[in-house]
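This report refers to the structure that appears directly beneath it.
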């Protein structure tokens, strides 16, 4: 498969000051990729179009859109203790969502993209910005696919933090399958086993809360035992991945122990699912990842996996994580053959 990297220099203009989600986060990733042999193998896609306000309103309320626009005026402000907006943040948040939308458009060129965008998005609920996130990039991309006629979209989220905003956006929506593996207990405090959706969406939210210390083999087990069989039964027409690289063992905001091999293993599973189920329509969208070097190496591992369709073996496995996977399997057995 051919891989693409989507990014824009303007992402640095969302100024958060001294902050884990700092202005250099995407730039440092691109610098790393440009400095090795991988760069020449990638389709480099820059200057995405900003998402329109109508695109944002597919997920967010008009009041939320207006609040972000208003908050970014003047010198900017803090929306909560974690989430800052600067004078350019509204425009760059639209550009970040535009990068996620572009990720679904390059499929027509036979590309599997990694959208290296910021600010991240999966904590932004329909009516609230939080956890560094202003607009929910991946949810907007999924909602756009639904608007364009897709009937089933799968979102897989491996960020160390639960994607509460994505879950909230689609909690009653059977056309989106949301699967999240995340550290528990941890910010934002959601994503426990019984959270499976409501109404028509019941059974289409899959949470695997994992204990601190989960490693490559534990995440491989989540994919093999829980995500893979459920996604296969769902038969999505597209797969989107909230690729939070903050489960890396070097990341300062999480307590997981995933290495580059673990990211490659998860990415390979996503590639195989996309090839078998939806004609290769797969996109990775950057969420967290706050150690610059570890994030860059992890994204490189994902991109190499797309290109080479291979991943190194993983080892490890923890008793506590095995119990969590077993519990998730038990809960999801009500809805799926797992």
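If only one of 263, 284 is within 18 Å of the chain's Cα centre (by Cα), farther than 30 Å from residue 147 by Cα and either free of Cβ contacts under 8 Å to residues at least 40 places away in the same chain or surrounded by 24 or more Cβ atoms within 10 Å (Cβ to Cβ) (or both), which one is it? Break it down stepwise before answering.
Numbers: 284 fails: farther than 30 Å from residue 147 by Cα.
After ruling out the rest, the residue left standing is 263.
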I'd like the full set of residues that are more than 23 Å from residue 267 (Cα to Cα), in a helix (DSSP H, G or I) and touching a residue at least 12 places away in the same chain (Cβ under 8 Å), limited to the range 313-338. 320, 327, 331
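Does residue 311 count as more than 29 Å from residue 195 (Cβ to Cβ), surrounded by fewer than 24 Cβ atoms within 10 Å (Cβ to Cβ) and modelled with pLDDT of 95 or more? Outline the logic, then answer.
Details: more than 29 Å from residue 195 (Cβ to Cβ): yes; surrounded by fewer than 24 Cβ atoms within 10 Å (Cβ to Cβ): yes; modelled with pLDDT of 95 or more: yes.
Taking the combined requirement at face value, the residue satisfies it.
Give me the helices (runs of 4 or more DSSP H) completely within the range 5-112, filtered to those with at least 2 residues that are at pLDDT below 95, touching a strand residue (DSSP E or B) at 6+ places or on another chain (Cβ under 8 Å) and under 24 Å from residue 294 (Cβ atoms), ordered by residue number.
On the way: elements: 25-34, 53-56, 62-71, 89-105.
Once the helices (runs of 4 or more DSSP H) in the range 5-112 are filtered for at least 2 residues that are at pLDDT below 95, touching a strand residue (DSSP E or B) at 6+ places or on another chain (Cβ under 8 Å) and under 24 Å from residue 294 (Cβ atoms), nothing remains.
The values are calculated or read from the model by the stated rules, or taken from the named source; none is laboratory data. All values derive from a computational prediction rather than experimental measurement. Using ideal geometry, Cβ is built from the backbone for each residue, glycine included, and neighbour counts are taken over all protein chains shown.
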